[in-house]
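Take a look at the structure set out below.
None of the figures in this text is laboratory data; all of them are computed from the coordinates on show. Bear in mind the structure is a predicted one, so any value in this text is a computation, not a measurement. Because the Cβ atoms are built from the backbone with ideal geometry, glycine has one as well, and the counts that use them run over all protein chains shown.
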Amino acid sequence: MDNRFSSALRAAIAGSGHSLDSLCRELAGRGTPVSVSALSNWQTGTNHPERRRSIAAITGIEETLGLPPRALTVLLPDRRPRGRWQPRGEVPAPHRWMWRSPQAVTRLLAKLDATPDDLYRPARVSRQVKQTIDECGHEYESQVREVIQGDRGGSWRVILVLRCQSLPQPPALVPIEGCRTGRFRAETPHSLCAFELLLDEPLPAGEFTLIEFALRFPPRQAEDHYNLRIQSGVRDLVLQTTFHPSRTPARCAAFHQPATGRPTQTLAERAGTGGNPVFRIVLADPAPGIYGIRWTWPDTGRGAR
């Protein structure tokens, strides 16, 4: 590994009079938090920053220690490629490669005085989705639990965009913990809807909180899959589908698609239920993209595409 970065970082911290703890506190106050263990690993050359959040922390270190702009970032080794759909050097615009109609998503968000960047602010650190399928094989409820981190300047809301085949009748949003219902907007021609969740309390930059809510679907939503769009920085992802004991699938599969239109990779698969009506996948540090679970029924043989 190229050690120019770690040597320069170690020298800069040593010459500043900061301890790793005090530097971490400074960075958290600037909205670019990093752990003491990560700083230690960077300055010893054990590993180096790659994620956008980590690069932002390096910029914060440069400013905090009074270094010239890019004094440290220019020394970083080349980032390991994480997929050809995001060209090196481009600022990612996830809505462009995660949605079939990104312009419609942009129009929808504007109805909430938001931009596509607001889909990823505040940052989601942990995401759990539990989907329930009823005795008729229809979607009944999706329960979502997220750990979020306050953005620079603080955060006061979370925006959720999803495809709603039931429009003009949307799902009902039911706040459970840490949030309450804000505005709702729809882009009916593209079967898109957006929910605004207002945080119970303002979330300071760098601080964490938990929110939980449920989406209850209109009757007879006969989907054979669901999915979730994940941006970089998510530390853990849990997807779970629970089927009614009287209506179990012939096969379930969890999948990942790096971008709309790209090939889909099967992450886990199971034939039948084996007496267990729950199908679940748990991922640590998932790569960005579209994740989901699909299923086929024994009497139809149909599957999601």
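Taking the centroid of alpha carbons for each part, segment 215-242 and segment 15-42 are 36 Å apart.
Since only Leu27, Leu239, Thr264 are under comparison, the one whose Cα sits farthest along the positive direction of the charge dipole of the chain, derived from C-beta charges on Lys, Arg, Asp and Glu, is Thr264. For the chain, the mean residue ellipticity at 222 nm estimated from helices alone is -5500 deg cm²/dmol, where every DSSP H run of n ≥ 4 contributes -39500 (n - 2.57) and the total is divided by all residues, rounded to the nearest 500.
Dipole of the chain computed with +1 at Lys/Arg Cβ and -1 at Asp/Glu Cβ about the Cα centre; of Pro249, Ser37, Thr64, farthest Cα towards the positive end is Pro249. Count Lys and Arg as plus one, Asp and Glu as minus one, and take only other residues whose Cβ is under 13 Å from that of Ala71; the net charge is then 0.
Exposure proxy for His225, His256: other Cβ atoms within 10 Å of each Cβ, ordered fewest to most, give His225, His256. The modelled label-to-label distance for the pair Thr260/Phe208, using points 7 Å beyond Cα in the direction of Cβ, is 3.3 nm.
Calculate, in whole percent, how much of the Cα-Cα pair population of segment 4-75 lies beyond 20 Å. For segment 4-75, the fraction of Cα-Cα distances above 20 Å is 13 percent.
Which net charge results for the neighbourhood of Val282, defined as the other residues with beta-carbon distances under 14 angstrom from its beta-carbon, given Lys and Arg at +1 and Asp and Glu at -1?
Numbers: positive: Arg127, Lys130, Arg145, Arg235, Arg280; negative: Asp236, Asp285.
In short, +3.
Could you work out how much longer the chain between Arg183 and Ser22 gets when fully extended? Use 0.36 nm per residue separation minus the Cα distance between them, nm to one decimal.
On the way: separation 161, 0.36 × 161 = 57.96 nm, distance 4.04 nm.
Once the chain is fully extended between Arg183 and Ser22, it gains 53.9 nm.
Give me the dipole magnitude in Debye, nearest 20, for the chain about the Cα centre, with unit charges on the beta carbon: positive for Lys and Arg, negative for Asp and Glu. Could the numbers behind the result be given before it?
Working: 40 positive and 30 negative charges, 175 e Å.
With Lys and Arg at +1 and Asp and Glu at -1, about 840 debye.
Around the Cα centre of segment 116-273, unit charges on the Cβ atoms of Lys, Arg, Asp and Glu (plus for the first two, minus for the last two) sum to a dipole of about 300 debye.
Summing Cβ point charges (Lys, Arg +1; Asp, Glu -1) relative to the Cα centre of segment 4-75 gives a dipole of roughly 180 debye.
Residue separation times 0.36 nm, minus the C-alpha to C-alpha distance between Glu135 and Ala14: what's the value? Intermediate values should be presented prior to the final figure.
Numbers: separation 121, 0.36 × 121 = 43.56 nm, distance 6.38 nm.
Residue separation times 0.36 nm, minus the Cα-Cα distance, leaves 37.2 nm.
Please give the net charge around Asp134, taking every other residue with its beta carbon less than 15 angstrom from that of Asp134, where Lys and Arg add +1 and Asp and Glu add -1.
Net local charge, Asp134 excluded: -1.
Coupling constants for segment 222-228 follow from the phi torsions by the Karplus curve (6.51 cos²θ - 1.76 cosθ + 1.60, θ = phi - 60°), and in residue order they are 8, 7, 10, 6, 8, 8, 9 Hz; glycine and proline get x.
Label positions at Arg247 and Ser7, each projected 7 Å from the Cα along the C-beta direction, are separated by 6.6 nm. Look at the dipole of the chain built from charges on Cβ: of His48, Thr181, Thr209, the Cα furthest out on the positive end belongs to His48.
Expressed to the nearest 5 percent, the antiparallel share of DSSP beta bridges inside the chain is 90 percent. Structural descriptor for the chain: relative contact order 16 percent, calculated from alpha carbon pairs under 8 angstrom and at least 6 residues apart.
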